[in-house]
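Asks: I'd like to ask some things about the structure below.
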Amino acid sequence: MPEEWARPEDTTSAAEPSRTRITFSPDGPALVEGPVELVRADGTTVCSDRFLVALCMCRRSKSFPLCDTSHRKRARRTAE
């Protein structure tokens, strides 16, 4: 597991809520430390109990808002 994905030790107090880490990557999904409950615009919910959840940022996913790696099929720009 990459070091940037490692969860820091819990140093929160009872009065301070824990924080959820979201990591954005170029040309890829947003990685959210789970478990999560997502509420769509129409009010339906999507739940995931995984420790790391990938959220689609390209809107190509057939399982949107969850990433299905459809972004990988997009042709990358080549350097000129």
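Asks: Any residue that is on the phi < 0 side of the Ramachandran plot, assigned to a strand (DSSP E or B), surrounded by 16 or more Cβ atoms within 10 Å (Cβ to Cβ) and not aliphatic (A, V, I, L, M) - is there at least one of those in the range 13-27?
Replies: Looking through the range 13-27, none of the residues is on the phi < 0 side of the Ramachandran plot, assigned to a strand (DSSP E or B), surrounded by 16 or more Cβ atoms within 10 Å (Cβ to Cβ) and not aliphatic (A, V, I, L, M).
Asks: Step by step: first the residues of the range 1-12, then only those that are hydrophobic (A, V, I, L, M, F, W, C) and open to solvent by 90 Å² or more (accessible area, probe 1.4 Å), then the one that is modelled with the lowest pLDDT. Which residue is that?
Replies: Applying the filter and picking the extreme gives Met1.
Asks: Considering only the range 41-57, how many residues are modelled with pLDDT of 90 or more and surrounded by fewer than 14 Cβ atoms within 10 Å (Cβ to Cβ)?
Replies: Qualifying residue count for the region: 8.
The values are calculated or read from the model by the stated rules, or taken from the named source; none is laboratory data. Just so it is clear, the structure is predicted and the values come from calculations on it, not from any experiment. Glycine also receives a Cβ, built like all others from the backbone with ideal geometry; neighbour counts cover every protein chain displayed. Surface areas here come from the heavy atoms of the whole protein model, side chains and all, with no ligands, DNA or RNA. Shrake-Rupley method; radii C 1.70, N 1.55, O 1.52, S 1.80 Å.
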